[in-house]
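The structure appears below as structure tokens.
The values are calculated or read from the model by the stated rules, or taken from the named source; none is laboratory data. Predicted, not measured: the structure shown is a model, and the values here were computed from it. Every residue, glycine among them, receives a Cβ derived from its backbone with ideal geometry; neighbour counts consider all protein chains shown.
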């Protein structure tokens, strides 16, 4: 059974105990980020709706491909 580490407080406590004991478990996983990209939307869109970015050369969108956030890691419980 797959249980979400983010959604289960008991599982979070268990994972923290494992980390504190021997520095292993789901909190020790470092997820690689193989590709990141930034993009500005077309100027006609910012003219129509405004430009919320920090400057005329700043991107509006950020894309992260292949990254895994620790909040959404899944931990496989053997005893469930």
Given the condition in contact with a helix residue (DSSP H, G or I) (Cβ under 7 Å, 6 or more places away or on another chain), modelled with pLDDT of 80 or more and outside any helix (DSSP H, G or I), answer yes or no: does some residue in region 1-20 qualify? no
Filter region 29-43 for residues that are surrounded by 10 or more Cβ atoms within 10 Å (Cβ to Cβ) and over 30 Å from residue 55 (Cβ atoms); which is modelled with the lowest pLDDT? 31
What pairs come out if I take residues in region 2-28 that are on the phi > 0 side of the Ramachandran plot and surrounded by fewer than 14 Cβ atoms within 10 Å (Cβ to Cβ) and pair them with residues that are assigned to a loop (DSSP other than H, G, I, E, B) and at pLDDT 85 or above whose C-beta lies under 8 Å away, six or more apart or interchain? none
